[in-house]
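Nothing in this text is a laboratory measurement; each read-out follows from the coordinates by a stated rule. All of these numbers come straight from a predicted model, not from anything done at the bench. As a convention, Cβ positions derive from the backbone with ideal geometry for all residues, glycine included, and neighbour counts pool all protein chains shown.
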Amino acid sequence: MNSQYQHYVPQLILRKFSDYIEPKDSAYATKKKLDSARSRAKNKARVKVLTWNEDFSTDRLESRLCGRTFGVKNMYAPEIELAFSTLEQQVSKVIKAVEHDFVGNKTSTILSRSQKDLLRKFLFIMAYRNCTFSKRFDCTMDEYRLNDREKLLQYVRLKGFSTLKEVWLSNIRAFIDVDMEKNGWPDWLQQNAYPDDALWFWKNMTQFFLCFCTPQLASEEFLLTQNAYGTYTIINIEIQGPSGGPFVVRESASQKTHHELPNSATIFCKYKHLGTGKFLFIRHIRI
């Protein structure tokens, strides 16, 4: 199999942080020529990347091709890459609609339920396939030590998988394929993905508000980190003293998976980049 470079931060987002300029329709006589110009511009797009050495004592600002930034080789099967590319194309239309409203200085934007569901699905998969979260499955079954070990291994045997990575890949495909327009989609997902992660998907679809944010000053921009889509804030409630006594609420940033969080922790906010001037803030409905 040929080696394939696959992005865990999609290029449709990455190009918004680059020097990419969209070719204008009026400059080209035919759609074929316009598409060719867009392809050339995308291939040449470069982004500035700030890197540090291991102890963070020195840094370096580099210019890299978008096509070779925030990705790894052979992260998953080509058919999943193709399916996710189709999802990206659908989501790009939703993001363009939001951008159009913000460029027009509107204070809000209107999305249909299907558009919101599509955006939520895309953002969840972005976190689930993130390099940090994928490491959960990057081990042998004997090495797996998270709190769902027995349940996951039973699922592996039931489905006939030979590695944990197969569970991860199968889940991603199920998250892409689930049709949220149909009644009973949570039941379908429970049958076609690892149940604990299917429940996690359901919670992300139903228990968080979507809020769009922009910098207060037009001259400011958001920064994009390689682990941006796997970062969130948790609220950890700690009981002090005997049962019924006072409690302390502690807030902290985290990149742990849901199986690594303590039972007392509730995810408060999730942060998702949509571009240099657009940020999606996802807030838990119970906080």
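Structure notes:
- Qualifying chymotrypsin sites (Phe, Trp or Tyr not before Pro) in segment 115-194, DSSP loop, other Cβ atoms within 10 Å at most 13: none
- For segment 61-158, the list of trypsin sites (Lys or Arg not before Pro) that fall in a loop by DSSP and count at most 10 other C-beta atoms within 10 angstrom reads Arg145.
- The residue list Leu14, Val49, Ala37 was ranked by how far each Cα lies along the charge dipole of segment 1-73 toward its positive end, using unit charges on Cβ atoms, and Ala37 comes out on top.
- Ranked Ser36, Ser57, criterion: other C-beta atoms within 10 Å, fewest first: Ser57, Ser36
- Pairs from Lys44/Lys165; Lys33/Lys93; Lys73/Lys159; Lys24/Lys73; Lys33/Lys116; Lys42/Lys203 whose Cα-Cα separation, in the structure shown, is over 29 Å: Lys44/Lys165; Lys24/Lys73; Lys33/Lys116; Lys42/Lys203
- Loop-located GluC sites (Glu not before Pro) in segment 24-86, at most 15 other Cβ atoms within 10 Å (DSSP): Glu54
- Karplus 3J(HN,Hα) series, Hz, for segment 46-51 with 6.51 cos²θ - 1.76 cosθ + 1.60 (x for Gly, Pro): 10, 10, 7, 10, 9, 10
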